[in-house]
Structure formats: structure tokens, C-alpha cells
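Please treat every number below as a calculation from the coordinates, not as lab data. Bear in mind that the values here come from a model prediction, so they are computed numbers and not experimental data. Positions of Cβ are generated from backbone atoms using ideal geometry, with glycine treated the same way; all protein chains shown enter the neighbour counts.
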Amino acid sequence: MQEQPLMSHIVELISRLRKALYTILISFILVFAFKYSIIRIDPPGILIIVPTPSIDDSLSVSVINFFIHATVPKGVEIITISPFDPLLAAAQISLFLAVIIALPIILWEVWAFISPGLYSHEKRMLKISVLPAMVLFALGALFAYTIIIPVIFKFFLFYAKALNVEPTISLRSFVQTILALMLSMGLAFQTPLIMTILTRFRIVKASTWRQYWRWGVLASFLFALIISPGTTGGVIETTIGLTMSALYIVGMLTSMVVERRQPHVEKAS
């Protein structure tokens with residue numbers, strides 16, 4: 001590997017960041033300001049997606065409506081407190097989706113920047129980690145969407161009725177709650193993969209994960225307390241804590257398997 005001047009690395013980093021940001025910006029516009037229709041061309045029966053400029057019926061608006069109808073229980077009303085709530089909510093959804101759409105380009109730019117400084121076995125490990133990372137993120141987001149979010153809103157409705165208050169939530173708070181939980185759980189589900197990579201790169205021994213498993217469980221429940229809105233009487237906190245503890249154990253076991261498969265390499269202390 002040929003060492004290059006620091007300035008050339010900075011220039012390259014800025015260039016790659018600019019490309020990633022441009023991709024996010026374009027994706028944001030496509031989500032925020034366009035709606036999409038599927039039309040069929042006969043013959044030969046080809047389906048094509050046609051974008052149409054639209055602010056009030058854009059993809060982001062459709063996603064918000066989907067979340068409202070799919071997650072909000074009957075009896076809870078979504079309201080707007082500020083005149084800018086609908087606009088900001090659509091912008092937040094658009095940014096979230098834009099990052100997901102632009103993720104292949106972002107990952108490519110990151111890879112192109114760091115790969116010249118990696119050894120061949122490190123490159124292999126990172127390449128095969130991309131798909132598991134995406135799957136784990138999707139599972140974490142799905143876990144939040146199907147389990148955590150419905151329970152939170154059901155408890156919210158229960159306590160609102162118990163206090164004889166109108167069960168309402170602002171649109172912006174609703175969107176922020178959805179995105180925060182899906183994003184945090186998607187990232188949290190990377191735990192076993194990160195543990196395995198650290199062991200594969202001989203940064204942390206598998207025995208270290210096993211030795212400090214109690215701390216891993218404690219950290220799991222602390223994480224659950226931090227991200228939980230605290231309105232479920234401990235149900236969601238316990239569910240998240242147990243799930244994260246299980247992910248830690250999975251990471252510990254996979255790290256042990258990975259470490260056993262490289263006995264010829266001197267293990268890190």
C-alpha cells in the first residue's frame with residue numbers, strides 16, 4: 001500500500017462526501033415532491049412506474065398515511081399543533097427514505113475511500129458483512145414497527161382513557177417516534193455483527209465477550225430504558241432488554257465460532 005499525503009486524503013474524502021450528499025438530496029426530492037403511479041402498457045403487458053410532481057400526494061405523504069392507518073389504534077387522533085407540522089413530518093420521512101435509497105452509493109463511496117488502506121482479509125470480511133448488516137437493520141426496524149410501536153400506542157390510549165383526557169398526539173411527534181424507534185432498533189440489531197467483526201479482526205477476544213456477559217445484559221436494559229418512552233409500565237423496556245440480551249448472546253456465540261476457525265492467527269489480548 002502506497003502512502004499518500006494527508007491533503008490528498010482530505011480532498012478525496014470531501015469529494016466522496018459531496019457525491020453521497022448529492023445522492024441523498026436527489027433522493028429526498030424524489031420522495032418529497034413526487035408521487036408514483038404504476039401503468040400497464042399493452043402489449044406486451046409491461047408495468048412501468050411513472051413519477052408525477054406532487055407535494056400533497058407525494059411518496060412521503062403516502063408513507064405517513066400508511067403509518068397512521070397501520071399503527072395508530074382506533075380512538076387515538078393525530079393532530080397538528082404548528083402550521084409547519086405536516087411539512088416537517090413529510091421532510092423527516094423524506095430524509096429517512098432518502099438515506100435508505102442512497103445507501104448503496106453511500107456504502108460504495110465509503111468503501112472506495114477506506115479499501116486502499118485495508119488488507120485482503122479485512123476487505124473480504126467487510127464485503128461479506130454488508131448483506132447481514134442490511135438484513136439485521138431491516139429486522140430491527142421490523143421489530144420496532146410490529147412489536148414496540150403498537151404496544152406503545154395501546155398503552156398511550158389506555159392511560160389517556162384512565163385519566164379522562166383526549167387521546168391525541170401531534171403529527172410531528174408521531175413521525176419522530178416512529179422514525180426514532182425504527183432507526184434505533186435497526187442500529188441496535190447490528191450488535192452481534194459488530195461483536196463478530198471485532199473478534200475476527202482480533203480486536204476483542206471471544207472470551208472477553210463471554211467474561212463480561214453480565215455487563216452486556218446490563219447495557220441491553222440500559223439501552224432499553226433510554227429509547228423507551230416510558231409509558232408502558234416496563235413492558236417495552238423488558239421486551240427490548242431481553243431482545244438485546246439475546247442479540248448479545250448470539251454475538252458471543254458467533255465470535256467463539258469465528259475465533260475457533262482461525263487458530264493459526266495469534267489472538268489479540
Can you spot the lysines whose alpha carbon is less than 25 Å from Lys161's alpha carbon? Ignore those fewer than 8 places along the same chain. Lys74
So if I take the centroid of the Cα atoms in region 1-50 and the same for region 141-185, what is the distance between those two points in Å? 32
Going highest first, how would you order 246-254, 74-82, 208-216 by mean Cβ packing within 10 Å? 246-254, 208-216, 74-82
For the chain, what is the convex hull volume of its Cα atoms per residue in Å³? 194
Find how much the distance from Thr80 to Ala162 grows on full extension, using 0.36 nm per residue of separation minus their present alpha carbon separation; answer in nm with one decimal. 27.2 nm
Rounded if a/c is under 1.5, else prolate if a/b beats b/c, else oblate: with a ≥ b ≥ c from the C-alpha gyration tensor eigenvalues square-rooted, which is region 143-252? prolate
With N denoting the number of residues in region 65-127, provide Rg(C-alpha) divided by 2.2 N^0.38 Å, to two decimal places. 1.88
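With the Cα gyration tensor of region 10-105 giving a ≥ b ≥ c as the square roots of its eigenvalues, does the rule (a/c under 1.5 for rounded; else a/b larger than b/c for prolate; else oblate) give rounded, prolate or oblate?
Verdict is oblate for region 10-105.
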Hey, can you list the DSSP H helices of the chain whose Cα span along the axis is 27 Å or longer and whose average Kyte-Doolittle score is at least 1.6? 85-114
Computed magnitude of the charge dipole of the chain (debye, nearest 20; Cβ of K, R +1, Cβ of D, E -1): 900
Rounded to the nearest 5, the percent of antiparallel DSSP beta bridges in the chain equals 75
Positive end of the dipole of region 60-173, charges at C-beta (+1 Lys, Arg; -1 Asp, Glu), about the Cα centre: which of Met134, Val151, Val63 has its Cα farthest in that direction? Met134
